[in-house]
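See below for the structure under consideration.
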Amino acid sequence: MSVYNKEKSSFGYLGLLPLFAAPFFLVNPDYTMLDVVPDFIGYLLLMLGLGKLRDLNSYFEKAADSFGKLAIVSAIKLVLFFIVSLLLDDKERPTMILILMMLFAIGEMILVIPGFSAFFEGFSYSGFTYRGKHGETFSVVPGKIRNPVLVFLIAKYLLTLLPEFSVLAAQTYSDAGTAWDEYTDLFRLTAMFIIAVWGLAVFIKLLSFLAKTLRDKDTLDRLSADYRNSVLTVRGLFIRRRISLLGVLVFGILIFSADFLVDNADILPDFASAILFLLFFILGKDIIRFRTAGITASAVFIPLSALRWWMTVDFRDNHLYSLIRKSPSVYEDFMKYYPVCVLEAVFEAVLILLVLIGYEKIISEHCGYLPDDLEGDVFENKKREIRSYLNKKLNAFAVSAFACTVISGLTEYATSYTQSFFGKFWPTLSIVSSIICLCLFFSLNSEIRTESGYKYMLS
């Protein structure tokens, strides 16, 4: 019997099953740019399926990182689609949605090409490195299906967007021109049919390739053995990975906490950041402080932020902001929901404080490589030097984050109650402060990832 064989199948041990479900979410057509079967689920499944393979070579690691970013971009795109559809009227909605979808399509294509290229390169590399009886499944087949998959995914973005340009013709149509908007439904159905048929062929090809990996048990057994011997023995690997994941979640929190106002309504809802707060504290087990308090506060913040967003939209739909200081009844309705805005800002400040405390523990316990030959005062001084450097960056980010929270809490008052230049200037101030906060956290997160890598890779 081969020394690589284990009681549990290597396919199951490596966790490759999610790869079979992922294509279903990626090859389906969109309906009027609405992602009915969400792509982000497919990307999450791909990332999950590469959870162990990513540690065996850099190709799978690059692919998993790209799929993680694609999942975030795709999820944000879907959320913004619904929000813009809800907030804007029939005249403004098509143009705004088309612009957003074009921008997101460009972003996704930038990630899709290197992501899937690395995905198939990873299988090819594994086939040559761990070649078994059917090693050609890994080494040769990926190269044959990579380009057809990439061409289809790019064509899917283009075919989804092109029919929507005919909608814009309704705004520029003249008697001398062609009313292209009359053919919009035909264009959409044609594009959906092409994507559906083409996608089915790609779906079958991908499933066929993945099914063949089951037959190459020798290669899978060798991959499993290498994972056990070279990955599970690496100190701090999964701690470093969780620290990186927490950084991604904080990026998402900062993006959705920003106030991007369209007609006095925030198209980046705070309840999305509330969900990310909850995930941060759930996944921060054993590496952050006050985890239970963070989970509890997040659980309250989610319905509170959703309520505030709904009340804002409801007020906007039923009242004119210019009447707040002129009409007693409008002012009374405004004062019913403004305290909810303040309460939401207070909860957000508390959660940010708990995140900062969590990062203080990460800096204290998981950052900085100190050689074993350092002793006494030299050891303590070096430790203080590392912590001092990172804590300065943490403090700068803390000041910026709390400033953003205060500005966000005052945004509703400044833009709604104060009908002046000050009120119009405030949203710009909010966006600028959010960008500064993102830049400061990017610098902090990069240093923390580097220092945590030094601590566990060199020790």
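Quick check: is even one residue across region 167-178 under 30 Å from L206 (Cα atoms), at pLDDT below 85 and surrounded by 12 or more Cβ atoms within 10 Å (Cβ to Cβ)? Scanning region 167-178 turns up no residue that is under 30 Å from L206 (Cα atoms), at pLDDT below 85 and surrounded by 12 or more Cβ atoms within 10 Å (Cβ to Cβ). If we scan region 423-438, do we find a residue that is at pLDDT below 85 and aromatic (F, W, Y)? Yes, the conditions are met somewhere in region 423-438. For region 55-67, a residue qualifies if it is in contact with a Phe, Trp or Tyr (Cβ under 8 Å, 6 or more places away or on another chain) and surrounded by fewer than 21 Cβ atoms within 10 Å (Cβ to Cβ), and the qualifying residues are D55, N57.
The values are calculated or read from the model by the stated rules, or taken from the named source; none is laboratory data. What you see is a predicted model, and the numbers here were worked out from it, not measured in a lab. Ideal geometry is used to build each Cβ from the backbone, glycine not excepted, and the neighbour counts take in all protein chains shown.
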